[in-house]
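Trainee: My structure is below; once you've seen it, I'll send some questions.
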Amino acid sequence: MTESEERLLALARQVGTADVVDAMGRLHRHRCHLLDLASPTPGRLLFGPVVTMSFFPTCEQSLPAEKFNFVDVFDEAVRDAGPGMVLVMASNGYPDVSMGGGTKISRVAGKGLAGVLAEGRLRDFDELAGYGMAVYCAGESVKWGGDTVTPFEVNRPVVVGGVGVRPGDHVFADGSGGVVIPRGQVRAVLEDACRTKESEARLAAEWSADTDGDD
């Protein structure tokens, strides 16, 4: 992780998803927030620049497994990625299908990524919780999804939960939800979120003091 990314992470740790969504709303009108995320460790912050992996309906004729498989497609996605990046997996219309489990996601942990944001479901939450990284998805699954979707292409713009995600954008997610921050505006958004949170905390303290005085 670069020194710049470490400074951004330090800012990110001071705020929550709602703070970042509010800060984004002061800059943009487009949808940037993600709701109803599940995680094996919902208190763990997911933050970092994005690499993407897009899934496609399985077809052995068009997408032969010897080429279109999780290991090879993932390795292509992270070929130029450094530690601290986030793998975003787009289901392309299959949010209730498993996109991976403990064994496949262990490869993400082994590459030193900050974690995973999956539009679909994931298996083996108990295993995922032990990997030391943040994982957010649509929920836990018990059924393998390879008969329904196949890893297809990497590092192209994708849509996750109605939100556009481009390689190099930043993902921020915690137990309350997630938000996608455009590349080039991450510091400005996080600094605004921190300032506003501090200002609101002071205001809340003042109002609380006024209320105590009235009693």
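Trainee: How much accessible area does Asp96 have with a 1.4 Å probe, in Å² rounded to the nearest 10?
Mentor: 110 Å²
Trainee: In nm, what is the difference between 0.36 nm times the number of residues separating Cys59 and Glu206 and their Cα-Cα distance?
Mentor: 46.8 nm
Trainee: If Rh is defined by the Kirkwood formula over all Cα pairs and Rg also comes from Cα, what ratio Rg/Rh do you get for region 143-204?
Mentor: Answer for region 143-204: 1.15.
Trainee: Long-range amide H contacts for Leu34: which residues qualify at under 5 Å (H placed 1.01 Å from N, peptide plane, sequence gap of 5 or more or a different chain)?
Mentor: Gly178, Val179
Trainee: Another question, then. Cross-link partners among lysines for Lys104, C-alpha distance below 27 Å, same-chain residues fewer than 8 apart left out?
Mentor: Output for Lys104: Lys67, Lys143.
Trainee: Assigning unit charges at the beta carbon (Lys, Arg +1; Asp, Glu -1) and nothing else, what dipole magnitude in debye, to the nearest 20, does region 1-151 show about its Cα centre?
Mentor: 320 debye
Trainee: If you roll a 1.4 angstrom probe over the protein chains with everything in place, what fraction of the accessible area of region 116-189 belongs to carbon and sulfur, to the nearest %? Let's see the in-between values first.
Mentor: Details: 1480 of 3020 Å².
Carbon with sulfur: 49 percent of the solvent-accessible area.
Trainee: Normalised by the residues of the chain, what does the relative contact order come to in percent, with Cα pairs under 8 Å and at least six apart? If you can, show how the numbers build up before the last one.
Mentor: Details: 436 pairs, mean separation 67.7, N = 215.
Rounded, it is 31 percent for the chain.
Trainee: Follow-up question, since we're still on this one. Counting helices only, and only those DSSP H runs with n ≥ 4, report the 222 nm mean residue ellipticity of the chain as the sum of -39,500 (n - 2.57) divided by its residues, in deg cm²/dmol to the nearest 500.
Mentor: Mean residue ellipticity at 222 nm (helix-derived): -10000 deg cm²/dmol.
Trainee: For region 4-47, what is the per residue volume of the convex hull drawn over the alpha-carbon atoms, in cubic angstrom?
Mentor: Looking at region 4-47, the number lands at 89 Å³ per residue.
Trainee: Could you tell me, in Å, what Rg and Dmax come out for the Cα atoms of the chain?
Mentor: When restricted to the Cα atoms of the chain, Rg and Dmax are 18.6, 75 Å.
The values are calculated or read from the model by the stated rules, or taken from the named source; none is laboratory data. Everything quoted here is computed from the prediction, not taken from an experiment. Glycine gets a Cβ as well: all are built from the backbone with ideal geometry, and neighbour counts include every protein chain shown. The area values use the complete protein model at the heavy-atom level, side chains included, leaving out ligands, DNA and RNA. Shrake-Rupley method; radii C 1.70, N 1.55, O 1.52, S 1.80 Å.
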